[in-house]
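Chemist: Please see the structure below; I have some questions.
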Amino acid sequence: MAEHTSSYAPSNALEKWVDDRLPIIRFSKEHLMDYPTPKNLNYWWTFGGILATMLVIQIVTGVVLAMHYTPEASLAFDSVELIKRDVSGGRILQAVHSTGASMFFLAVYIHIFRGLFFGSYKAPREILWMLGVLIMLLMMAAAFFGYVLPWGQMSFWAATVITNIFAAIPVIGDPLLSLLRGGFAVGNPTLNRFFSLHYLTPFIIAAVVVLHIWALHVPGNNNPVGVDVKSSRDTVPFHPYYTMKDLFGIVVFLIPFAWVVFFAPDILGHSSNYVMANPLVTPPEIVPEWYFLPFYAILRSIDFPILFIDSKLLGVIFFAGSILILFFVPWLDRSKVRSGTFRPLFKPFYWLFVLNFLMLMYLGSQSTTIWWVPVLGKVGVVYYFAYFLIILPLLPRFEVTRPLPASISESVLRPART
Amino acid sequence: MPGTKAQMNYTKTLAAVVLSGLLLAAAPVLADDAKPAAAAAPAATTTATPAATGDSSPAALPAGSVLVTEEPDIPLQSWSFSGPFGKYDQNQLRRGFQVFKEVCSNCHSAHLFAFRNLDEDGGPEYSAAQVKALAATYQVSDPTAKGGKRAALPSDYWPSPFATEQDARDANGGALPPDFSVLAKARGAERPLLSWMRDIIFAYQEGGPDYIHALLNGFHDQVPANIVNADGTPFKLPAGKYYNDIFPGHAIGMPPPLSDGLVKYAKGEDGSTVPETVEQYSHDVAAFMMWLSEPSLNQRKESGFRVIMFLILFAVIMWLVKRRIWSNVEGH
């Protein structure tokens, strides 16, 4: 931002000495305190801070859990149980970490859907958005690796089913599968490498988060009306205004989080995962964690071949495409207006997209032997891709957007009639 | 604080989201109410297993017959430890332990269950001396002891009835009696999927004990006449198996383990008695198994209340501070 100049003046000789060599205090003052932030951000914007908090919670609890966990196939299952029984505070650490994964995804989905509604991916925030999609992909990898570690039946069979997806890739599929599993079947080598990778991914995520925040601080925040910041009247310093608002949001978010941790710690899991992994017994149903269900439903809905591509590979293409397509959203959406608030045609399609996502989530949990599951699944897949490939590019041709406020201050003082 | 129009818009959106969530949560309640009517048409769409929805059409089956693959409903029980306020009933845990000790533990192991757990808070809470005396009556393997065996200490784990899995199978007609350590969490009652929100709010965690109670009460001497295979022929029990309503596939390797009067409960200090019936035993042992799976449930809920109360109070303070800080911003 143009008017974003540093107000930092070292207050003593030591600070001045440090500032001349490593201007870290200046940097913190500029980016964590003075950073000019649009003053009209609503509570959907607190999810950025919530996500940063969740990452820290997951890393801290994870590092301590790793001190007590045994990544060996015959001991892993019991070691998780013993953490809960015999490690001081282990019961809470383990529940926070496993529930934390779910809460992390809940927050990231809200954060992404917020971006999709308010057009936060549009110029000049394309790289910011793409880094965000990359973080979500890394989170999915981390969550999958982590889910395998307790080495229950669902861990084992999820590892088998998900690694199998890679076997569908032509030519390199089989070697890739062996590399992932560390053998021809999921076993102790798989557990060892997944533990190693599970410890690695969060730190890669943290690094990409730094880039994500860097990319945020160059153009500054988008905001609910989607109008650029025009003057300093439109902004407030990040601290204390947004540190306080985010902190409030974080504490509120921790309430349902704590509820699940302390009152229903197993409700998001599956009872099969309290049976130790057994390669000889397939559980009656293999269901991924709830946050993978929409994408799992897309994978399963493609049960037909097209030309020379068999149904398995086609399913994988759609599955991967459903996430990779997010990278292209900044160029697929041709509307010049950022915020969905001023786009009357966009709004119903957007909310239908949200419902469609929830429907796919539900379908992913249901057995494909029920006749309407694959049928509705195909409808869901069509709408999912049509939203990005047809609706977002073509909608601006027909849409008459509502007049935008002249500035953020005006929108705050004289809200437009909705 | 008079909200701006834009803010009210988000409030409306939020309200819509919450409302639709509540509707989702309410749907299964309504569906449950509708169940008796639906039950008249057996095996129509409720079965999720491939065998049931395979080639045979349910219409070809004789009236009143039930497919062997159909999963029966598990009646939900009332447990002292259910819900956010629920706690274990110490006397029930002691009775359940007695059933486990005298009946179940002849075949079932519980390798994560240590004698010392019996005097820990929130459990059966025997005295340390009682636990020590009890442990001493059991022999555990110890390669460093003379003869490889010694009397157990409170720090020892409950000795398994069989040395190896193969021994256990050989003694039980090829079936392996599952370990009890976390068994109550490894089983569950089938829940309508969309009830998850209701289950989170009411902290429903008792699917395992519900299942165990139903299983222990689900034995029949004879296969009920209306149970049929997918091709319509009457279901026949394989040799050495027993018929159970709840067990998937109905053929269970475990003979009915409980019978009325099998375990003699001691009278209470006030002379009160507890019925010595299969129904009562199964309740007690299911509660005990839940405790085995989660020995610190009481403490978990107690700390949960402190944490939630703190967070709510903290949130209120944060909100007041936030409001005050924002009070000098135009439009707020």
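Chemist: DSSP loop (so not H, G, I, E, B), at most 11 other Cβ within 10 Å: list which GluC sites (Glu not before Pro) in segment B:208-316 pass both filters. Walk me through the numbers on the way to the answer.
Modeler: Working: sites: B:E269, B:E276, B:E279, B:E302; in loops: B:E269, B:E276.
Filter output for segment B:208-316: B:E269.
Chemist: Give me P(r) over segment A:287-398, computed from all C-alpha to C-alpha distances, binned every 5 Å, as integer percentages.
Modeler: 2, 12, 20, 22, 17, 13, 8, 4, 1
Chemist: What does the net charge come to around A:I298 if you take all other residues with beta carbon closer than 14 Å to its beta carbon, with K and R at +1 and D and E at -1? List each step's numbers first, then the result.
Modeler: Working: positive: A:R300, A:K312, A:K378; negative: A:D303.
Charge balance near A:I298 sits at +2.
Chemist: Can I ask one more? Starting from the Kirkwood radius over alpha-carbon pairs of the protein assembly as shown, derive D by Stokes-Einstein at 25 °C in a medium of 0.890 mPa s and give it in µm² s⁻¹. Could the numbers behind the result be given before it?
Modeler: Working: Rh = 29.4 Å.
This corresponds to a translational diffusion coefficient of 84 µm²/s.
Chemist: Next question, about the same structure. How much length is gained on full extension from A:D310 to A:L200, taking 0.36 nm per residue of separation minus their Cα-Cα distance? Numbers along the way, then the final one.
Modeler: Details: separation 110, 0.36 × 110 = 39.60 nm, distance 3.45 nm.
Difference between extended and current length: 36.2 nm.
Chemist: Please list, ordered by chain and number, the residues whose modelled amide H lies under 5 Å from the amide H of A:V236; skip anything fewer than 5 residues away on the same chain.
Modeler: A:T37, A:K39
Chemist: Next question. State, as an integer percentage, the relative contact order of chain A based on alpha-carbon contacts under 8 Å between residues 6 or more apart. Write out the running numbers ahead of the final one.
Modeler: Values: 503 pairs, mean separation 93.8, N = 418.
That works out to 22 percent.
Chemist: Another one. Would you kindly compute the Cα radius of gyration of segment B:279-329 and its largest Cα-Cα separation (Dmax), both in Å?
Modeler: In Å, with Rg to one decimal and Dmax whole: 20.9, 67.
Chemist: Based on the Kirkwood radius over alpha-carbon pairs, what is the Stokes-Einstein translational diffusion coefficient of segment A:12-72 at 25 °C with 0.890 mPa s viscosity, in µm²/s? Please list the in-between numbers first.
Modeler: On the way: Rh = 15.4 Å.
Result for D is 159 µm²/s.
Chemist: Let me ask another. Which chymotrypsin sites (Phe, Trp or Tyr not before Pro) in segment A:353-392 sit in a loop by DSSP (not H, G, I, E or B) and have at most 15 other Cβ atoms within 10 Å of their own Cβ? Present the calculation step by step, with values, prior to reporting the outcome.
Modeler: Details: sites: A:F353, A:F357, A:Y362, A:W371, A:W372, A:Y383, A:Y384, A:F385, A:Y387, A:F388; in loops: A:W371.
Sites meeting the loop and neighbour criteria: A:W371.
Chemist: Aspartates and glutamates near B:K267 by alpha-carbon distance under 12 Å, same-chain residues fewer than 8 away left out - which ones?
Modeler: Counting by Cα, and skipping residues close in sequence, B:K267 has these aspartates and glutamates nearby: B:E276.
Chemist: Any idea how far the Cα center of segment B:186-219 sits from the one of segment A:252-267, in Å?
Modeler: Each part reduced to its Cα centre gives a spacing of 19 Å.
Chemist: Further question on the same structure: Amide H to amide H, which residues 5 or more places from B:L67 or on other chains are under 5 Å from it, using H placed in the peptide plane?
Modeler: Placed amide hydrogens put B:V228 under 5 Å from B:L67.
Chemist: Using Cβ counts within 10 Å as a stand-in for footprinting exposure, how do A:T70, B:T144 rank, fewest first?
Modeler: Lowest count first: B:T144, A:T70.
Chemist: Give the aspartates and glutamates reachable from A:K336 as a straight Cα distance under 17 Å; neighbours fewer than 8 places away on the same chain don't count.
Modeler: A:E126, A:D228, A:E399
Chemist: What ratio of Cα Rg to 2.2 N^0.38 Å holds for segment B:164-304?
Modeler: Details: Rg = 18.2 Å, N = 141, 2.2 N^0.38 = 14.4 Å.
Segment B:164-304 yields a ratio of 1.26.
Chemist: Beyond 27 Å, what percent of the Cα pairs of segment A:1-139 remain?
Modeler: Values: 4608 of 9591 pairs.
Percent of Cα pairs beyond 27 Å in segment A:1-139: 48.
Chemist: Now for a separate question. Can you list, largest first and rounded to whole Å, the semi-axes you get for chain A by taking the square root of 5 times each eigenvalue of its Cα gyration tensor? Kindly include the intermediate steps, with their values, before the conclusion.
Modeler: Values: eigenvalues 302, 183, 71 Å².
Over the Cα atoms of chain A, the semi-axes work out to 39, 30, 19 Å.
Chemist: Using the number of other C-beta atoms within 10 angstrom as an exposure proxy, rank A:I391, A:I50, A:I204, A:I250 with the fewest first.
Modeler: Result, fewest neighbours first: A:I204, A:I391, A:I250, A:I50.
Only the coordinates and a few stated rules stand behind these numbers; no lab work does. Here the structure is a predicted model, which is why all the values come from computation and not from measurement. Cβ atoms come from the backbone with ideal geometry, glycine included; neighbour counts cover every protein chain shown.
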